[in-house]
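**Student:** Below: one structure in structure tokens.
The values are calculated or read from the model by the stated rules, or taken from the named source; none is laboratory data. Since we're looking at a predicted model, the values are computed, not measured. In this analysis, Cβ positions are derived from the backbone assuming ideal geometry, glycine residues included, and neighbour counts consider all displayed protein chains.
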Amino acid sequence: MAASLPFIYTPHPVIGLSPEALDKYIVGNDPDTGKPIINEIIDVLTKPVSEKKPQPESPVTVKAGPPRILLEPDTEDNLQRLFYEKGWTDGLPIILPTEERVQAMLAGTNAAPDEVVAESFQFATREIVKYTVGHIAVIAVMAGARPEYFPVILAIAATKQPSLMPSTTPFEAMLLVNGPIRNEIGMNCGIGAFSAVNMANSVLGRAWTLMSICHGFAKPRSTLWSSQGNNHTYNNLCVGENEERSVWEPFHVGKGFKAEESVVSIFRGWAFLNSYGAASKRSLIEELNIQLPAMPPINSSATIIMDPLVARNLKENEGFNTKQDFCRAMSENIKMPAGQYWKTDHIDMLVASQAYKGVEPYASWKKVPDDELIAPYHNPDNINIVVVGGETSPLWKATDFGYSGSASIDKWRANTSDDECADGTCGLQDELGDYD
């Protein structure tokens, strides 16, 4: 019978502390047992571990989504309070999901109400809970969606990715919509696209967070550990790409979809920088070479969101005929000292192990002097370019966001026939290479 695997705990925090502070943790006490941590480590390495009969874990079960709860008639205020106290909302007022409103929402898709769209693992009960079109319709109503928005919300749900992450750091996410549906539902792709001025942008992004909340991803100290959180999760930076004013192909076309398809794409990361001026005498590559090293990338991931004016200048005046051309130039020219790279906490925590395993280029970067320049965006395929904005100023946003995947919206449209999806192109196209 195998011995039980021992666990030894250190105090928190770990990230951001000096080696000297971490050394004190090791000679200090385990917060779980009260015994010196170094003694526990020595005992585990030098003494036989008693063979204890392992306690059987409760099996993982699969069940249908939560049953419908029919509430007694009450006042608007009382029902709003009840939804919040039950942990079903983000704290802002919702549209109460009456039977009539849910049925109207279901008219926005040809999918059956009992069709399973997504599933989530509930840590507390060890259950895999399946969520149907009907469940998502309730959440869409709560978020304030119109029936014509519903196919987008179902596509977001079908990616099976939560907007809230069970991490101690404040992850944020972005939703990008491409294709004809942007204009059909009146999404903002231009002036103030990230601002709180457009119903479709606001509601779609909020619906994703409400899905995450209702699916159990917002329970502090259980599935939500972020020290400060991130207010971007209220609508998850939801925008449409300004395809009409872009000089380059739409983002979803670069991911293998047809231009006439409607697609939602998901990005996720830590850091988000706004450009602070449009009158710089430096090129965009030179400017990014100053700002991006402040947030060293994991797996060379970055997403640059630029106004159409910036994209036009890059193509017409700097010779970048495609997004890929510019990504390759970024990959080759953005550099930082190796020491600065390796002394960044999340790099040391998540990438150093790759170097010790001999994975290139990380293994070679570990061997060079601290002042030697390396090119951390070594894989141009992990750099994404998105064109958004209203051409009032040539500004851009730089992020360390990785591309998490895309899903076709057309599968969920009310007027999409089964034949149109027979080749499988209406399903999820997932590329999880940016954030493993």
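**Student:** Filter region 1-36 down to residues that are in contact with a helix residue (DSSP H, G or I) (Cβ under 6 Å, 6 or more places away or on another chain), closer than 27 Å to SER226 by Cβ and at pLDDT 85 or above, then give me how many there are.
**Tutor:** Number of matching residues: 2.
**Student:** I need the full set of residues from region 303-348 which are touching an Asp or Glu at 6+ places or on another chain (Cβ under 9 Å), among the β-branched types (Val, Ile, Thr) and buried (at least 19 other Cβ atoms within 10 Å of the Cβ), in order please.
**Tutor:** The one that is touching an Asp or Glu at 6+ places or on another chain (Cβ under 9 Å), among the β-branched types (Val, Ile, Thr) and buried (at least 19 other Cβ atoms within 10 Å of the Cβ): THR303.
**Student:** Scanning region 339-388 for residues that are in contact with a helix residue (DSSP H, G or I) (Cβ under 6 Å, 6 or more places away or on another chain) and small (Gly, Ala, Ser), which turns out nearest to LEU175 (Cα to Cα)?
**Tutor:** Residue satisfying both the conditions and the ranking: ALA355.
**Student:** Kindly indicate whether ASN230 is under 19 Å from VAL263 (Cα atoms) and at pLDDT 75 or above. Working first, answer last.
**Tutor:** Numbers: under 19 Å from VAL263 (Cα atoms): no; at pLDDT 75 or above: yes.
So ASN230 fails the test.
**Student:** Given the condition over 30 Å from VAL117 (Cα atoms) and in contact with a strand residue (DSSP E or B) (Cβ under 8 Å, 6 or more places away or on another chain), answer yes or no: does some residue in region 404-416 qualify?
**Tutor:** Filtering region 404-416 down to residues over 30 Å from VAL117 (Cα atoms) leaves none.
There is no residue in region 404-416 that is over 30 Å from VAL117 (Cα atoms) and in contact with a strand residue (DSSP E or B) (Cβ under 8 Å, 6 or more places away or on another chain).
**Student:** Now a separate question. Restricting attention to region 142-183, report how many residues are crowded, with 23+ Cβ neighbours inside 10 Å and among the β-branched types (Val, Ile, Thr).
**Tutor:** Adding up the residues that qualify gives 5.
**Student:** Something else: So how many residues does region 350-388 have that are of a type in the set (A, V, I, L, M), assigned to a loop (DSSP other than H, G, I, E, B) and under 13 Å from PRO296 (Cα atoms)? First the steps, then the outcome.
**Tutor:** Step one: of region 350-388, the residues of a type in the set (A, V, I, L, M) are 350-352, 355, 359, 363, 368, 373-375, 383, 385-388.
Okay, now just the ones that are also assigned to a loop (DSSP other than H, G, I, E, B), so 351, 359, 368, 375, 388.
Retained after the next criterion (residues that are under 13 Å from PRO296 (Cα atoms)): 351, 375.
So the count comes out to 2.
**Student:** Sticking with this one: Given the conditions (1) touching a strand residue (DSSP E or B) at 6+ places or on another chain (Cβ under 8 Å); (2) at pLDDT below 95; (3) over 15 Å from ASN384 (Cβ atoms); (4) not aromatic (Phe, Trp, Tyr), report the number of the one that ASP307 does not fulfil.
**Tutor:** Unmet condition: (2).
**Student:** Given (1) within 24 Å of THR233 (Cα to Cα); (2) of a type outside the set (S, T, N, Q); (3) assigned to a helix (DSSP H, G or I), where does VAL102 come up short, assuming only one miss?
**Tutor:** With (1) within 24 Å of THR233 (Cα to Cα); (2) of a type outside the set (S, T, N, Q); (3) assigned to a helix (DSSP H, G or I) applied to VAL102, the lone miss is (1).
**Student:** Next question, about the same structure. So, VAL351, is that one more than 23 Å from VAL247 (Cα to Cα), out of contact with any strand residue (DSSP E or B) (no Cβ under 9 Å at 6 or more places or on another chain), among the aliphatic types (A, V, I, L, M) and buried (at least 19 other Cβ atoms within 10 Å of the Cβ) or not?
**Tutor:** Working: more than 23 Å from VAL247 (Cα to Cα): yes; out of contact with any strand residue (DSSP E or B) (no Cβ under 9 Å at 6 or more places or on another chain): yes; among the aliphatic types (A, V, I, L, M): yes; buried (at least 19 other Cβ atoms within 10 Å of the Cβ): yes.
Here the answer is yes, as VAL351 does meet what is asked.
**Student:** Here are some residues: CYS238, CYS214. Which one is touching a Gly at 6+ places or on another chain (Cβ under 6 Å), buried (at least 16 other Cβ atoms within 10 Å of the Cβ) and either at pLDDT below 90 or within 13 Å of VAL386 (Cβ to Cβ) (or both)? Don't jump to the end; show me each part of the working.
**Tutor:** Details: CYS214 fails: touching a Gly at 6+ places or on another chain (Cβ under 6 Å).
On inspection, the qualifying residue turns out to be CYS238.
**Student:** Here's another thing I want to ask about it. Only one of these is without any contact (Cβ under 8 Å) to a residue 24 or more places away in the chain and more than 23 Å from PRO147 (Cβ to Cβ): ASN198, ASN231, ASN242. Name it.
**Tutor:** Answer to the selection: ASN231.
**Student:** Can you confirm whether GLY433 is modelled with pLDDT under 95, closer than 17 Å to ASN110 by Cα and in a loop (DSSP other than H, G, I, E, B)?
**Tutor:** Here the answer is no, as GLY433 does not meet what is asked.
**Student:** Quickly run through region 171-219 and pick out the residues that are in a helix (DSSP H, G or I), closer than 26 Å to PRO97 by Cα and more than 16 Å from the chain's Cα centre (by Cα). Before you say what the answer is, go through the steps one by one.
**Tutor:** Just the residues of region 171-219 that are in a helix (DSSP H, G or I), to begin with: 181-184, 199-214.
Still in the running and closer than 26 Å to PRO97 by Cα: 181-182, 184, 199-214.
Those that are in a helix (DSSP H, G or I), closer than 26 Å to PRO97 by Cα and more than 16 Å from the chain's Cα centre (by Cα): ILE181, ARG182, GLU184, MET199, ALA200, ASN201, SER202, VAL203, CYS214.
**Student:** Same structure, new question: Just to be sure before I move on: is GLU316 among the acidic types (Asp, Glu), in contact (Cβ under 8 Å) with a residue 24 or more places away in the chain and more than 20 Å from GLY402 (Cα to Cα) in the structure I sent?
**Tutor:** Answer is yes for this residue.
**Student:** Go through (1) under 25 Å from ALA137 (Cα atoms); (2) assigned to a loop (DSSP other than H, G, I, E, B) and name the single condition GLN228 misses.
**Tutor:** Among (1) under 25 Å from ALA137 (Cα atoms); (2) assigned to a loop (DSSP other than H, G, I, E, B), GLN228 violates only (1).
**Student:** When the residues of region 68-124 are narrowed to those that are of a type in the set (Phe, Trp, Tyr) and in contact (Cβ under 8 Å) with a residue 60 or more places away in the chain, which ends up surrounded by the fewest Cβ atoms within 10 Å (Cβ to Cβ)?
**Tutor:** Looking only at region 68-124, we keep the residues that are of a type in the set (Phe, Trp, Tyr), and these are 83-84, 88, 121, 123.
Still in the list and also in contact (Cβ under 8 Å) with a residue 60 or more places away in the chain: 88, 121, 123.
Details: TRP88: 18, PHE121: 14, PHE123: 12.
In this case the residue turns out to be PHE123.
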